[in-house]
1. What is the percent carbon and sulfur in the accessible area of the chain, measuring with a 1.4 Å probe over the protein chains and ignoring ligands?
2. Using DSSP loop states and a limit of at most 13 other Cβ atoms within 10 Å to flag trypsin sites (Lys or Arg not before Pro), what is the longest stretch of the chain containing no flagged site?
3. In a Gaussian network model over the chain where Cα atoms closer than 10 Å are linked, find which of PHE193, PHE16, PHE127 has the largest mean-square fluctuation.
4. Suppose all protein chains stay in the model; what accessible area per residue would a 1.4 Å probe give for the range 1-129, in Å²?
5. Heads up, I need the accessible area for ILE36: 1.4 angstrom probe, whole protein in place, Å², nearest 10.
6. How large is ³J(HN,Hα) for each residue in the range 149-166, as worked out from phi by the Karplus curve 6.51 cos²θ - 1.76 cosθ + 1.60 (θ = phi - 60°), to whole Hz, x for Gly and Pro?
7. Is the shape of the range 165-222 best called rounded, prolate or oblate, per the rule: a/c under 1.5 gives rounded, else a/b larger than b/c gives prolate, else oblate, with a ≥ b ≥ c the square roots of the Cα gyration tensor eigenvalues?
8. May I ask you to give the average projected area over all directions of the convex hull of the Cα atoms of the chain, in nm² rounded to one decimal?
Amino acid sequence: METMTTSVNKEYALRFLGVALLFAGFAGWFLYDGAIGYPERNAAVAPVAEALAARDLTPADWVNTAKTGTAPLTEAFRKAGLEPPAKIADTFTSWVRAEDPRAHRTEEARQTLLRPVYGEEDIRAQFVSAVVALLAALGLLVLVALRFLTRHTLDDAALTVSTPLGTRRYPLTSLERVDDTQWEKRGILKATFAEGTVTLDVWHHAGMRPLGNALRERLPHA
């Protein structure tokens, strides 16, 4: 028998590396928002919001478009070169639509305007999301690395599986059973030896198909 050796499936590796890169991008995005984007937005909005809070208007007044077609809240922020924070506008609008008593209280308008657009909880959430996304990216990289460093070699005497944790040799004389029920549809085959079971998967490794077929010929199928 000609010696057969597997290598990592390039399509599998590229797909997982692409997803890892996407997660890394998300991590950078979250980190930027938490460290720079959100604080800068708070700093830009604060002086405008403080000036508006000094005016004797209710939440309903701030989002009323009846007079000019544009809500005073929108006009005030746009005059300052900013878009009105969606969190403030949405809060006021929701109170008006729900006929909430807070929609007609100037103190509620002041408190909402003076509250930072992004609070400590929001900023902390961005950092947590960055860590989670980065861990996901690293996990995928480790998984691909493990597949890359794993080799299956079949010769006349044995199936040898080499991984970062070591090398195990499975003599063909100890092959007991070959489970190929998922081989045709999913490319997964389980070969049971006296020393243990080896799972072969064509999605993870190139060159696995001929190697698996060679094992199938050694024993009747499961």
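1. Details: 7460 of 12990 Å².
Ligands and nucleic acids excluded, carbon and sulfur reach 57 percent.
2. On the way: sites that count: LYS67, ARG218.
No qualifying site falls inside 68-217, the longest such stretch.
3. Looking only at PHE193, PHE16, PHE127, the largest GNM fluctuation is found for PHE193.
4. Details: 7920 Å² over 129 residues.
Accessible surface, normalised per residue, equals 61 Å².
5. Estimated to the nearest 10 Å², ILE36 gives 70 Å².
6. 8, 9, 10, 10, 10, 10, 10, 5, 9, 7, 9, 10, 10, 10, 10, x, 8, x
7. Values: a/c = 1.82, a/b = 1.17, b/c = 1.55.
Taking the square roots of the gyration eigenvalues as a ≥ b ≥ c, the range 165-222 is oblate.
8. Numbers: hull surface 76.3 nm².
It is 19.1 nm².
The values are calculated or read from the model by the stated rules, or taken from the named source; none is laboratory data. All values reported here derive from a predicted model rather than from experimental measurement. Counting neighbours? That spans all protein chains shown, and the Cβs are built from the backbone with ideal geometry, glycine included. For accessibility, only protein heavy atoms count, side chains too; no ligands or nucleic acids. Shrake-Rupley method; radii C 1.70, N 1.55, O 1.52, S 1.80 Å.
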